[in-house]
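S.K.: Could you have a look at this structure, given as structure tokens, before my questions?
The values are calculated or read from the model by the stated rules, or taken from the named source; none is laboratory data. Only a predicted model underlies this, so the values are computations on that prediction, with no experimental measurement involved. Every residue, glycine as well, gets a Cβ built from its backbone with ideal geometry; the counts of neighbours run over all protein chains shown.
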Amino acid sequence: MDATMQCPCPPKGGETRHPQGDTVRLRDRLDYRTVTTIRKAMTVVDTDDPQVRLAERLAICTEFYMLMGIESWTLVDAKGKPVEVSHQAIRDLVFTSPDVESVSEVAEELYNPVVLLPLVLRASASSPPTPTPSPESDDSTSPTSDQTTPPKPLRPSSTSTIRTVATETTTSSPVGASSSSQSAASAA
């Protein structure tokens with residue numbers, strides 16, 4: 001898949017070498033080793049702030065998409081000779097370009113479904129369901145993270161009965177349905 005970015009090549013005679021931009025070609029697929037390398041790179045982020053850690057992991061992921069996904073481009077050096085694609089050339093010419101987002105967005109669209117989506121699906125399938133507290137429970141009886149035994153099941157709800165003073169018998173109606181009436185004394 002191709003991405004077009006503003007030309008980062010050295011100017012020729014003070015003019016932009018490629019006014020329409022340069023083309024950066026990304027591999028259509030990443031092989032197993034590359035996907036695994038990207039996933040492993042995301043796990044080595046070490047910071048005290050979980051929010052920063054997530055942002056850094058995603059940035060590292062995108063960085064590796066470009067480092068390992070760019071296979072060719074139209075970039076040239078000061079003499080007009082093609083620049084060979086290498087990790088250092090990508091860092092020097094693409095990562096420092098103000099238009100790096102043009103390439104990173106295409107890389108994310110292309111590789112996120114292969115690299116990140118399986119991780120998200122695996123994490124969501126393995127996470128336990130979140131318990132919903134019942135209205136009767138209070139925080140003192142709620143399970144805690146260090147609780148090793150499962151919580152006791154709740155008692156079945158009991159039904160309350162109202163004592164009645166008098167009851168009447170049920171009689172059959174002419175159409176086969178039963179009917180009953182409650183006396184005023186039993187409703188109290």
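S.K.: Show the residue pairs meeting these rules: Cβ distance below 6 Å; 6+ apart or different chains; first residue within the stretch 35-56 and closer than 14 Å to PRO118 by Cβ; second residue surrounded by 12 or more Cβ atoms within 10 Å (Cβ to Cβ) and of a type in the set (Lys, Arg).
M.R.: Pairs found: MET42/ARG57.
S.K.: Checking the structure you have, find out if any residue of the stretch 25-34 is outside any loop (DSSP other than H, G, I, E, B) and exposed (fewer than 11 other Cβ atoms within 10 Å of the Cβ).
M.R.: yes
S.K.: Right, here's the next one. Looking only at the stretch 68-79, which residues are farther than 24 Å from THR43 by Cβ and surrounded by 12 or more Cβ atoms within 10 Å (Cβ to Cβ)?
M.R.: Of everything in the stretch 68-79, those that are farther than 24 Å from THR43 by Cβ and surrounded by 12 or more Cβ atoms within 10 Å (Cβ to Cβ) turn out to be SER72, TRP73, THR74, LEU75, VAL76, ASP77.
S.K.: Just one of GLU84, GLU71 is out of contact with any strand residue (DSSP E or B) (no Cβ under 7 Å at 6 or more places or on another chain) and of a type in the set (D, E, K, R); which is it?
M.R.: Answer to the check: GLU84.
S.K.: Among the residues of the stretch 44-62, which ones are outside any helix (DSSP H, G or I) and hydrophobic (A, V, I, L, M, F, W, C)?
M.R.: VAL44, VAL45
S.K.: Pairs please, first residue from the stretch 98-113 and under 14 Å from LEU58 (Cβ atoms), second anywhere and part of a helix (DSSP H, G or I), Cβ atoms under 6 Å, 6+ apart in sequence or on different chains.
M.R.: SER104/THR62; ALA107/TYR65; ALA107/MET66; ALA107/GLY69; GLU108/THR62; TYR111/TYR65
S.K.: Looking at the stretch 80-116, which of the residues that are closer than 18 Å to PRO11 by Cα and of a type in the set (Gly, Ala, Ser) is surrounded by the most Cβ atoms within 10 Å (Cβ to Cβ)?
M.R.: SER97
S.K.: Answer yes or no: is there a residue in the stretch 40-57 that is among the hydrophobic types (A, V, I, L, M, F, W, C) and at pLDDT 90 or above.
M.R.: Within the stretch 40-57 (the criterion being among the hydrophobic types (A, V, I, L, M, F, W, C) and at pLDDT 90 or above), the answer is no, since none of the residues qualifies.
S.K.: Are there any pairs with C-beta distances below 6 angstrom linking a residue in the stretch 70-92 that is β-branched (Val, Ile, Thr) and modelled with pLDDT of 95 or more to a residue that is loosely packed, with under 13 Cβ neighbours inside 10 Å and in a loop (DSSP other than H, G, I, E, B), with the two at least 6 apart or on different chains, and if so which?
M.R.: Matching pairs, first to second residue: none at all.
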